[in-house]
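To keep things clear, I will list the structure first and then write my remarks on it.
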Amino acid sequence: MSSSERIRVEVDADFQALVPGFLETRRREIPRLRELLAAEELAEIAAIGHRLAGAGGGYGFMFITEMGRILERAGETRDGDAISGAVDALEAYLDRVEVHFVVIPEDSDEE
């Protein structure tokens, strides 16, 4: 996959009003994560990672969840290289993600 290729993510249409703000917040976290890494405030990076790990999958952004897990673990183990790599990967993902809203049918127990 080239670095400019779009990443298509299908998201439940019920989240259409929330997703733009969710992604914008993630974009604003990139410089903050870099500042925290430079200041060696790794516990705060771990906390942000924990939030990302929990929130990403709820909207359908499994890559954000995975980067959150990496950031959380790397913050806890003080692995600056892993933090830097995860922040770079998250930024690249956010630059390339293309959201497509889909209607997810509700489960029906009626038969």
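A few notes on this one:
- The stretch 61-111, residues that are surrounded by fewer than 18 Cβ atoms within 10 Å (Cβ to Cβ), among the small types (Gly, Ala, Ser) and either over 12 Å from the mean Cα position of the chain (by Cα) or within 14 Å of Leu23 (Cα to Cα) (or both): Gly80, Ala82, Ser84, Gly85, Ala92, Ser108
- Residue ID - nearest to Gly60 (Cα to Cα), chosen from residues in the stretch 12-30 that are over 14 Å from the mean Cα position of the chain (by Cα) and either surrounded by 15 or more Cβ atoms within 10 Å (Cβ to Cβ) or not small (Gly, Ala, Ser) (or both): Asp12
- Test: residue in the stretch 57-70 that is closer than 27 Å to Val102 by Cβ, assigned to a helix (DSSP H, G or I) and touching a Ser or Thr at 6+ places or on another chain (Cβ under 9 Å): yes
- Lone qualifier among Glu29, Glu106, Glu35, Glu76 - being modelled with pLDDT under 95 and either closer than 22 Å to Val9 by Cβ or in a helix (DSSP H, G or I) (or both): Glu106
Conditions tested, residue by residue: (1) of a type in the set (Lys, Arg); (2) in contact (Cβ under 8 Å) with a residue 40 or more places away in the chain.
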position	(1), (2)
Ala17	no, no
Leu37	no, yes
Gly54	no, no
Phe61	no, yes
Thr77	no, no
Gly80	no, yes
Arg96	yes, yes
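The values are calculated or read from the model by the stated rules, or taken from the named source; none is laboratory data. On a predicted model such as this, the values are computed, not experimentally measured, just so you know. Glycine also receives a Cβ, built like all others from the backbone with ideal geometry; neighbour counts cover every protein chain displayed.
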